[in-house]
Amino acid sequence: MLSARVRLGGLPNLVQRKFCTSLPTARYVSEQSYRRIVNVAAAAPSPLISDSKATLPVSSRGHRMFSSINYLRGDLECTAGTMNDVKQIIIKKLGIEVGYTPFVSTREHLEQYVPQSITALPARSMQDSFTSAIIPLTTDKVLKDKYVGFMGNVRVGRLMEDMDMFAVWVVHKHVLVPDLPEGVSLPYTFVTVLVDKIDFTDLVPTHDADIRLSGHVSWVGRTSVEVVVWMEQKLHGKWRKLTRALFLMAARDATNTKAAFINPLVPANEEEKAIFDGGESRKKRRIQLQKEDLLKTEPNDFEQRMVHELFVKSIDTKSKAFNKRILPPGYVWMEDATMANIVFSHPEDRNAHNKVFGGFLMRNALELSWALAYNFAKRRPKLEHISDISFHHPVDVSSMLNMQAHVIFTDLHYMEIVVLADVYDAVTGQQTTTNSFYYTYSVAERLPKIMPKTYHEAMYYLDGRRKFRYAMGIDAPKAPVSAPAAAAAAPAAGADTTKSKL
């Protein structure tokens, strides 16, 4: 077996990648290597890991443990090969047949292997799920064409698609079913429930440098898993951070009909405990935000006054009439700050269960939101944050999707955009909302303010304001957490409402 510390720096990138995919994963690396991995995660805008010093776990052989190859020191570029390699491994592990058919092959025979309790599953650590993969833009010219935008930059929507698949791969690395016979497919289905928060750095990804995805499981419930994923690009010989995201995944049984138990997560040291505590804090915040959802409770007193002030600004107070609306200077009607398109899904957009792949929806929603932001601001916008992506219902491959984007809130030179994905039935004309996406963009100059006309739009305005303040860190969670975990927190939520005149 070759040592994981072998240096490939003098070999061409293509040889490095090929060698990387076949090299056995190292079980142990130095404490310095582990610290470098900790520092990458800690560099996130909302740090996942505290700066506390901790003793690293020691194996029976006396080595400091970290289950992934030390690629951050430059020894190797990745641990799982390319993203295409990752996709093929997932297909093989799930036993998916290659080639589309409208009839999904049954997985009922795998139900007997689904764990019936958590006690039947061994505990895992964050090191067990740590992995990384490359998007080889420097060597794969065909692949590069799929990622490059018309301005020469990388299409961020494509990167979101990859991050979603990579999060699934991280969960695969976490799961260990000890009684599963060799050669039997994994009796699980992993579903993206939501993307809690995605933060972007000022670095704009280019189309002529490799991009690396890295991540690990950060929190585990009984049937749900939180995954942290970060993305970097190699510029001038160094990996530079692009973004960091938090995915919440649900573990389902082999037939995707009910929840399935998943391996518990046991922090191995103080750093891992800080990350795990951050996941607990985010879970509590999500529960609190669900209680405060504008679909379930009325706006607070301050928000109600804000809506009334907007209403007063938009009427002629001298006429004493409520039926005439006037657009004040410096404002834009919310109904005029919108854009929509129809998206057809095809078999190439499917996941393992003939449903539309979540990453495909994320890519199309992001590109629509960017087009609206560009049209609204009349200049190229910068994506600052994605504060909440929710998956409400699965989407069939044959579906016709109606995607609608709305600017629902602006403040100074920032704008908050929501994109709603509706499955459209051409026969009945009915639409069912399957997904909602919230984006924060910025431009160099001050933007006009948004004026809602209806109560429905006013609720979107308030929801957009809440999402914006959370994304910008203005309304950070104030729930007490332990000292080492204080550096590890970040949450989410969603909204919508009914239509009626203000």
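The values are calculated or read from the model by the stated rules, or taken from the named source; none is laboratory data. Only a predicted model underlies this, so the values are computations on that prediction, with no experimental measurement involved. Backbone-built Cβ (ideal geometry, glycine too); neighbour counts: all protein chains shown. Note: areas computed on protein heavy atoms with side chains; ligands, DNA, RNA excluded. Shrake-Rupley method; radii C 1.70, N 1.55, O 1.52, S 1.80 Å.
For the reader, a short list of remarks on this structure follows.
- Of the residues Q431, S399, A371, the one whose Cα sits farthest towards the positive end of the charge dipole of the stretch 293-474 is A371 (charges of +1 on Lys and Arg Cβ, -1 on Asp and Glu Cβ, taken about the Cα centre).
- T206-K144 pseudo-label distance in nm [points 7 Å out on the Cα-to-Cβ vector]: 1.2
- If R0 is 22 Å, the Cβ-Cβ spacing of A259 and Q112 corresponds to a FRET efficiency of close to 0.80.
- Added length on full extension, which subtracts the Cα-Cα distance from 0.36 nm per residue, R222 to N300: 24.7 nm
- M151 accessible area, assembled protein chains, probe 1.4 Å, Å²: 120
- In Å, descending, principal axis extents of the Cα set of the stretch 293-474: 60, 39, 29
- Each peptide in 388-395, 443-450, 428-435 was scored by the mean count of other Cβ atoms within 10 Å over its residues; highest first, the order is 388-395, 443-450, 428-435.
- Residues of the stretch 440-455 falling in the label zone of L327, defined by backbone nitrogen less than 15 Å from a point 7 Å along Cα to beta-carbon, are 448-454.
- Residue-by-residue Karplus 3J(HN,Hα) for the stretch 436-452, coefficients 6.51, -1.76, 1.60, Hz, glycine and proline x: 9, 9, 10, 10, 10, 10, 9, 9, 6, 10, 5, 9, x, 7, 9, 10, x
- Distance between modelled label sites at I474 and V184, nm, 7 Å Cα→Cβ extension: 5.4
- Dipole check for the stretch 68-291: with +1 at the C-beta of Lys and Arg, -1 at the C-beta of Asp and Glu, and the Cα centre as origin, the magnitude is about 580 Debye.
- Here is the list for the stretch 306-402: trypsin sites (Lys or Arg not before Pro) lying in DSSP coil, each with at most 13 other C-beta atoms within 10 angstrom of its C-beta, are K318, K320, K324, K378, R379.
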